[in-house]
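Q: A single structure is presented below for examination.
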Amino acid sequence: MLNNTKRVSYCILSFNKRFMSVKRKYPINPDDAKTLPVFEYGVSKDSYRRVFVWGNLQTGALGVPYLKKNRNTLQRECLGAPKRLGFAEKFPVKTAACGFGFTAFAVDTDSGHKLYGTGLNTDSQIGRHEIRSGHPLEIIYFPQPIHLPLKNPKTKIKKISAGRAHLAVLTDEGLFLLGNNSYGQCGRKIIQDENYFMSNYINHVRHIDGQTIKDIECGQDHTLAITENGAVFSCGWGADGQTGLGTFNNVSVFSRVKGDIESEHIIKVASRSDFVLALNNKGEVFGWGNAEYDQIRNQRNEQQICHPTHLKHLGVGKVQDVGAGGSFCVVVNDKGEVFTWGFGILGAGPKVEQSFKPIKLAESLFGRNDFQPDSRVVKVVCGLSYAVAVTSLGDIYAWGRNLRSCLGLGSEKDQYFPFKVSLGGYVERVFCGYDHTVAICKPFI
Amino acid sequence: MLIKDAPVIWDSLRSIICVYKPPNVTCQRVRQTIITAVCTGLNEMECRPPMDYVSIEGNPSTQLTVTVKPNLADHPLVVGPRYQIEDLKCSWSNYLGLHSSGVLLLGLRNGTKAAKLIRENRPTRSYRVSGRFGEATENGFKNEKVVERSTYKHIKHANINKLLAAMQASHQKEMFKSCGVDLQSQTAYEMACEGPIRPADSKLPVIYGIKCVQFEPPDFVIEIQCINEYETYLKSLIHEIGAKLRSTAHCTGIQCIRHSYFTLENALLRKHWTLQHIITNMEECIAIIDEHENLVKQKKAALQ
């Protein structure tokens, strides 16, 4: 740390034993300091964001092609600790989305490409990329621009969401969907035996039911959209009831989700695989989809619920944020308390493997103690088998199954209770995929 | 002082005293000064009189007389003062560097054992460290030559607070890694639920709390609550804060304001380093130790 000491000398067996000081003949002249130049290091712009990535390196989803010069990417399996993304230094990344083995970044520019993608491209989920014409690439290791058929170059991308093999991009001009459509998740008619790798069809949905689309969310093979009046529309795979349309069929057109949420104003939906949680403006939680891990308990003991159900008896207070993983659910209420239920590593220690009743995770696990009495959890994001919570101080705590070090804790072991991930910045947003994670942070100053 | 007998006082000196170490003075010098003060104080009181010796004189064949004479070989003017500096054991419980000042716990005679137990118990200490933005010196302290200057006008109080909060959270996480328990066990979960814990390692400095209490650019003061720290570490911390805030900084003063349950209020000032005050201080310290048993006996890994 301090390697500026010159000519350090020790006097052993002497009364004047010096340590970390320099032998001087004359005392220091304070005026010498005034002759030194004054450096100005500068502060970051307000809009500057740092992007950190960690997790599985082999799918190319992290966008980090070379770790050491002249070394093959395939030699290293995963990034155990967060690494700063160089791509984000060149392009101002606004938002991102993590799918199953691929990532998409939305860049804030007025001209040029706004959407970049990296990772697996077996179903053209990140557009068409080819070096030799007629031979598209199946896997990309560095973010490449995805061509979106935008009319206005000043259109901004509001949100992106990625599922298993499809990508949904919400812009000012409407919703663009690309990738796999074998269940109708791209909102267009299912074509038998369509070759998604070669076809690269981008579906454009401008309005749904005459309303502009406010928010989108992709589950594993289905897509959900929230319009401006709080109505939820869905399409895609329905075999587990995740579309919430009352049937178990695949739906290829965005249809209104009714059930208990028909008259509610929904502000957020969360779904990572085939269970969906919806949050309305009053802080109530609704759920539907594959509930075989006791995410919804009902008398008929149904495991697939295709009608949205109001989860009345949770007992968690007014909910602020929801997250739904593959086999568990996490909610945060307005006091910053985190509740989790379902199956898997819930975050309450190695002994708790499942619970149908929401368990409260102690606040001291998220850094609330005598030294930080004001720290509270504000957001929670779920990957398939892990979860990440963001606190008001800009820290993130991760727990769950550590597949390819997707937790970013430096080890490959599963984490049974929330543990802080070390990052160089204050985290604003986190995006979780199947085995990799992306975080967008503000710099320190 | 009501008691005039020095031996009684000597016997009662068997615990810890809390002393305010002045800056730019080594701990060894403080220790020597305290020992000298105690010994001179004791020697001024009524010490043990010279032992008489029985003298049997005379001619064994005729009458022998038995007389009791004063023993000059035991007289203080011949042998030296009753209480010598080498006789008094004194050791410190926490080491403060040359430039640090503040609470220093010294154990006298039997109190050296208590001092050792307190040290090994690893309680937390609080420091007030003051720094100055704009200049970086050779050793991180104000007494050395300035090597780099930089601007600091862009630093606001909010920036410092946020940075220190991030540092605090990172350090608290590190304490888990060095707690000596497997992170995947139920014990680790229970310990995490309780809150901050003390690390198993005695070499790794861990910061539990750090916040900026005063900020008048370019000067600032931060209060740190930590374990296992040393003076150079605190100076390098100030340097790191300067670097993270895109400027430079050096340390201008370190003061230890609390050592577990002993605060500045219990610390004896330089002008009070006399025997009477030391005895009163010792009584206060004994009361504090009696009140908090976990100072000496370690029961759980939770923070005190």
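Taken together, the values in this text are just the output of simple stated rules run on the coordinates, not laboratory data. Keep in mind that this is a model prediction, so the values were computed, not measured. As a convention, Cβ positions derive from the backbone with ideal geometry for all residues, glycine included, and neighbour counts pool all protein chains shown.
Q: Could you go through segment B:265-276 in sequence order and give the Karplus-derived ³J(HN,Hα) for each residue, using 6.51 cos²θ - 1.76 cosθ + 1.60 with θ = phi - 60°, rounded to whole Hz, and x for Gly and Pro?
A: 5, 8, 7, 8, 6, 4, 6, 9, 7, 10, 4, 4
Q: Roughly what % antiparallel, to the nearest 5, for the DSSP beta bridges in chain B? Each step should come with its number before you reach the end.
A: Working: 48 of 54 bridges.
Once the DSSP bridges in chain B are tallied, antiparallel ones form about 90 percent.
Q: What is the total of Lys pairs in segment B:44-180 with C-alpha atoms under 29 Å apart, excluding same-chain pairs fewer than 8 positions apart?
A: Final tally of qualifying lysine pairs is 13.
Q: A follow-up question, please. So how far apart, in nm, are the two label points at B:Asn110 and A:Ala81 if each is 7 Å from Cα heading toward Cβ?
A: About 5.0 nm separates the two model spin labels.
Q: What is the Cα centroid distance between segment B:1-40 and segment A:328-379, reported in whole angstrom?
A: Taking the Cα centre of each part, segment B:1-40 and segment A:328-379 sit 52 Å apart.
Q: If you average the C-alpha positions of segment B:74-137 and of segment B:237-282 separately, how far apart do those two centres end up, in angstrom?
A: Segment B:74-137 and segment B:237-282 have Cα centres spaced 13 Å from each other.
Q: Right, another one. Work out from phi, with θ = phi - 60° and the Karplus expression 6.51 cos²θ - 1.76 cosθ + 1.60, the ³J(HN,Hα) of each residue of segment A:40-48, listed in order in whole Hz, and give x for Gly and Pro.
A: Each residue of segment A:40-48 in turn: 10, 7, x, 10, 7, 5, 4, 8, 6 Hz.
Q: Enumerate the whole-percent occupancy of each 10 Å bin, from 0 to the last occupied one, for all C-alpha pair distances of segment A:91-190.
A: The distribution over segment A:91-190 is 17, 50, 31, 2, given as percents.
Q: Please report Rg (one decimal) and Dmax (integer) in Å for the Cα set of chain A.
A: 25.1, 91
Q: Which whole-number percent gives the relative contact order of segment A:327-445, counting Cα pairs below 8 Å spaced six or more residues apart?
A: Answer for segment A:327-445 is 20 percent.
Q: Note down, for the protein assembly as shown, the three equivalent ellipsoid semi-axes (square root of 5 times each alpha carbon gyration tensor eigenvalue), biggest first, whole angstrom.
A: On the way: eigenvalues 955, 185, 79 Å².
In descending order the semi-axes read 69, 30, 20 Å.
Q: If you don't mind, another one. Could you check the simple spin-label distance between A:Glu130 and B:Asp219, using points 7 Å along Cα→Cβ, in nm with one decimal?
A: Result for the modelled spin labels: 7.2 nm.
Q: Going by average Cβ density within 10 Å per residue, which order do the peptides A:355-367, A:330-342 take, highest to lowest?
A: Numbers: A:355-367: 19.0, A:330-342: 21.7.
Output ranking for A:355-367, A:330-342: A:330-342, A:355-367.
Q: For peptide B:180-188, what's the mean number of Cβ atoms from other chains within 10 Å of each residue's Cβ?
A: Values: counts 0, 0, 2, 9, 8, 4, 6, 2, 5.
Per residue, the number of nearby Cβ atoms from other chains is 4 on average.
Q: Still on this structure, please answer the following. Summarise the partner chain shielding of B:146-154 as one whole number: the mean count of Cβ atoms from other chains within 10 Å of each residue's Cβ. Can you show the working numbers first?
A: On the way: counts 7, 4, 6, 7, 6, 5, 3, 1, 5.
Per residue, the average neighbour count from other chains is 5.
Q: State, as an integer percentage, the relative contact order of segment B:124-259 based on alpha-carbon contacts under 8 Å between residues 6 or more apart.
A: 44
Q: Give me the net charge for the shell around B:Ala200: Cβ to Cβ below 11 angstrom, other residues only, Lys and Arg +1, Asp and Glu -1. Please report the intermediate quantities before stating the final value.
A: Details: positive: B:Arg122, B:Lys177, B:Arg198, B:Lys203; negative: B:Asp201.
Residues close to B:Ala200 contribute a combined charge of +3.
Q: Note down the relative contact order for chain A as a percent, whole number, built from C-alpha pairs under 8 angstrom at least six residues apart. If you can, show how the numbers build up before the last one.
A: Numbers: 1213 pairs, mean separation 56.4, N = 445.
Across chain A, relative contact order equals 13 percent.
Q: Here's a follow-up. Could you tell me the calculated FRET efficiency between B:Asp74 and B:Lys297, based on Cβ-Cβ distance and R0 = 35 angstrom, to the nearest 0.05? Intermediate results must be reported in sequence, preceding the final value.
A: On the way: r = 43 Å, r/R0 = 1.22.
The pair B:Asp74/B:Lys297 has a calculated efficiency of 0.25.
Q: So, in Å, what gap is there between the alpha-carbon centers of segment A:383-430 and segment A:131-197?
A: Between the Cα centre of segment A:383-430 and that of segment A:131-197, the gap is 28 Å.
Q: Give me the percent of Cα-Cα pairs in segment B:124-259 that sit more than 20 Å apart, rounded to a whole number. Spell out each step's value before the answer.
A: Values: 4377 of 9180 pairs.
Across segment B:124-259, Cα pairs with separations above 20 Å total 48 percent.
Q: Starting from the Cα of B:Gln84, step 7 Å along the direction of its Cβ; do the same at A:Glu138; then give the gap between the two resulting points in nm.
A: Placing both labels 7 Å beyond Cα along the Cβ direction yields 8.9 nm.
Q: Could you go through segment B:210-217 in sequence order and give the Karplus-derived ³J(HN,Hα) for each residue, using 6.51 cos²θ - 1.76 cosθ + 1.60 with θ = phi - 60°, rounded to whole Hz, and x for Gly and Pro?
A: 8, 8, 8, 9, 9, 9, 10, x
Q: Dipole magnitude of segment B:124-259 about its Cα centre, charges +1 at Lys/Arg Cβ and -1 at Asp/Glu Cβ only, in debye to the nearest 20? Display every interim value, and only then the final one.
A: Values: 18 positive and 15 negative charges, 83 e Å.
Approximately 400 debye in magnitude.
Q: Give me the Å³ per residue figure for the convex hull around the C-alpha atoms of chain B. Walk me through the numbers on the way to the answer.
A: On the way: hull volume 55.2 nm³, N = 304.
Per residue, the Cα convex hull of chain B comes to 181 Å³.
Q: Still on this structure, I have one more. Sorting A:Thr212, B:Thr232 on the 10 Å Cβ count, fewest up front, what's the list? Walk me through the intermediate numbers first.
A: Numbers: A:Thr212 14, B:Thr232 17.
Fewest-to-most Cβ neighbours within 10 Å comes out as A:Thr212, B:Thr232.
Q: Further question on the same structure: Assuming R0 = 41 Å, can you tell me the calculated FRET efficiency for the pair B:Gln32 and B:Val54, based on Cβ-Cβ distance, to the nearest 0.05? If you can, show how the numbers build up before the last one.
A: Values: r = 40 Å, r/R0 = 0.97.
For R0 = 41 Å, the calculated efficiency reads 0.55.
Q: Using the 10 angstrom Cβ neighbour count as an exposure proxy, how do A:Phe176, A:Phe105, A:Phe197 rank, fewest first?
A: Working: A:Phe176 24, A:Phe105 27, A:Phe197 14.
Listed from fewest to most nearby Cβ atoms, that is A:Phe197, A:Phe176, A:Phe105.
Q: Taking R0 as 60 Å, what FRET efficiency do you get between A:Ser111 and A:Thr35 from their Cβ-Cβ distance, rounded to the nearest 0.05?
A: Working: r = 48 Å, r/R0 = 0.79.
For R0 = 60 Å, the calculated efficiency reads 0.80.
Q: How shielded is A:35-43 by partner chains, expressed as the average number of their Cβ atoms within 10 Å of its Cβ atoms? Show your work: numbers first, answer last.
A: Numbers: counts 2, 7, 3, 8, 8, 7, 9, 3, 6.
Rounded to a whole number, the mean comes out at 6.
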